[in-house]
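Below you'll find the structure, written out as structure tokens, and then a few comments.
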Amino acid sequence: MKCRKCNTNAVINMRHHKLALCGEHYGEWFLAQTDRAIEKYKMFKRDERVLVAVSGGKDSLSLWDALLWLGYPADGLYIGLGINAPAPYSDVSLDKTRQFVNSEQWAVNSGADSQFAIRNFVPTLHVVDVQETYGRTIPQIAQEKNRGHGKPCSSCGLTKRYVMNRLALEKGYTVLATGHNLDDEAAVLFQNTLRWQTQYLARQAPTLPASREGLIKKVKPFVRFYERETATYALVRGIDYIYDECPHAVGNLTNFYKTLLNQLEANSPGAKLSFYLEFLRARGEGVFEGFNREETLHACQVCGQPTTAPGKCAFCRMWDVGSVVQ
Amino acid sequence: MPITFRDKTYEIKPGITARDAIKKIGMEPEAVLVIVNGKLVTDDVVLRDGDQVKLVAVVSGGGSA
């Protein structure tokens, strides 16, 4: 298959767009689409301080790379979860993240002849190691608290959301960007639709504004890209990311829904894209507005972060933070 | 001819497209990228005897935060 623009060998065929592109033209297309999504969903402006949540995977490193290439002054946040059994997943993912920022690949991207050049900007990588900060790894706290039916994923999600929000606000960022792609969003949408979780449906969006004090604005600039498109960008750009999945994510429900949606996509190209975009259209028309209950938020008595119940927030309860302080 | 995916190797007869080869080994074409002789290619490429074929999973990293 040939590139539509230059007739050389294509590296990707996006059947849902009826578009095949070579590496060079794919990189250009990908960046233009990223910038378009940032503008369309009112994510952030060029002078805002953006913090990218990076995991060492293809999505987050590609997002950081793309934002720097597009001229956004974006820093990174890596959260060390201590998931190192049976394989050293966390250690390797931190290495990949450090390699990316130390390689100055982003500096090559923003060279002087680039129209997107960022002048004199050197991105910072913030690293928060959960064990160093809170005394235990994610698998340890999950086992100790008996959360998640033998899987640490709920403890992990709660901890990551808390640390990302807190660090972003403490360091003065105005927006937190995550690498969620369309497959991630379609799988969550599918799961919430199967269960008619209307409150979750009402809250699923590419941009979640900082609607309350103490909550950072969250954005997902890659929501219109298929997972294979972010992986292709990473390979085309030569980004060395961690290929393996988190050992605890293997076989989880989200991946099962992704497999189902990919089977649908194989027979009906564009099914995933239209499923998600038509949901966004319906949401934009207010279909789910009545389900978005405005909850009263309280300040956690230990850390001050917003929480739905008076007293300690879920994070401080799980990590026994108050008892350590007292 | 061998096709590698992570730590596994599959034997496939040459002369078919990468997409058909992926289906033959029981994988979903949407879920992998194809690298032939070190180059990323589209899955309509016909695999020839002697090609070095590697599949890369598009899923990686952890769960959604």
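Quick look at the numbers
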item: Accessible area expressed per residue, chain A, with surrounding protein chains retained (probe 1.4 Å, Å²); result: 47 Å²
item: Value of relative contact order over chain B, rounded to a whole percent, pairs C-alpha under 8 Å and six or more apart; result: 38 percent
item: Candidate residues A:Leu70, A:Leu264, A:Leu208: accessible-area rank, largest first, probe 1.4 Å; result: A:Leu264, A:Leu208, A:Leu70
item: Cα centroid of segment A:266-322 to Cα centroid of segment B:13-54, whole Å; result: 40 Å
item: Within the accessible area of chain A (1.4 Å probe), percent carbon and sulfur; result: 50 percent
item: Complex-versus-alone comparison for segment A:1-30, residues with a loss of 30 Å² or more in accessible area, probe 1.4 Å; result: A:Met1, A:Val11, A:Arg15
item: Summed buried accessible surface, chains B and A, 1.4 Å probe, nearest 100 Å²; result: 2400 Å²
item: Dimensionless Rg/Rh of segment B:1-49 - Kirkwood Rh, Rg from C-alpha atoms; result: 0.90
item: With all protein chains modelled, accessible area of A:Phe44 [1.4 Å, Å²]; result: 20 Å²
item: Accessible area expressed per residue, chain B, with surrounding protein chains retained (probe 1.4 Å, Å²); result: 50 Å²
item: Accessible area (Å², 1.4 Å probe, nearest 10) - A:Cys6; result: 50 Å²
item: Solvent-accessible surface ranking, highest first, for A:Thr159, A:Thr133, A:Thr198 at 1.4 angstrom; result: A:Thr133, A:Thr198, A:Thr159
item: Simple Cβ-charge dipole of chain A, Lys/Arg +1 and Asp/Glu -1, about Cα centre, in debye nearest 20; result: 680 debye
item: Fully extended contour minus Cα-Cα distance, from A:Thr124 to A:Leu253, at 0.36 nm per residue; result: 43.0 nm
item: Occluded residues from segment A:172-212, i.e. those whose accessible area drops by 30 Å² or more once the chain is not alone (1.4 Å probe); result: A:His180
item: Loop-located GluC sites (Glu not before Pro) in segment A:143-245, at most 14 other Cβ atoms within 10 Å (DSSP); result: A:Glu213
item: Rounded if a/c under 1.5, otherwise prolate or oblate - the protein assembly as shown, Cα gyration tensor axes; result: prolate
item: Computed helical MRE - 222 nm, chain A, DSSP H runs ≥ 4 contributing -39500 (n - 2.57), nearest 500; result: -14000 deg cm²/dmol
item: Gain in span if fully extended, A:Arg4 to A:Leu208, counting 0.36 nm per residue against the direct Cα distance; result: 69.9 nm
item: Model label zone, A:Gln140; criterion: amide N under 19 Å from point 7 Å along Cα-to-beta-carbon; scope segment A:148-177; result: A:148, A:150-160, A:163
item: Rounded to the nearest 10 Å², the accessible area of A:Tyr89 at probe 1.4 Å; result: 20 Å²
item: Largest to smallest accessible area among A:Lys312, A:Lys2 [probe 1.4 Å]; result: A:Lys2, A:Lys312
item: Taking chain A and dividing mean pair separation by its residue count, relative contact order in percent (alpha carbons under 8 Å, at least six apart); result: 19 percent
item: Gained length - A:Glu48 relative to A:Gln199, 0.36 nm times residue gap less alpha-carbon distance; result: 51.4 nm
item: Proximal charge balance of A:Phe291 [Cβ under 11 Å; K/R count +1, D/E count -1]; result: +2
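The values are calculated or read from the model by the stated rules, or taken from the named source; none is laboratory data. This structure is a prediction, so every number in the text was calculated from the model and none was measured. Quick reminder, even Gly has a Cβ in these numbers, built from the backbone with ideal geometry, and neighbours come from all protein chains shown. These accessible areas exclude ligands, DNA and RNA; they are computed on the full protein's heavy atoms, side chains included. Shrake-Rupley method; radii C 1.70, N 1.55, O 1.52, S 1.80 Å.
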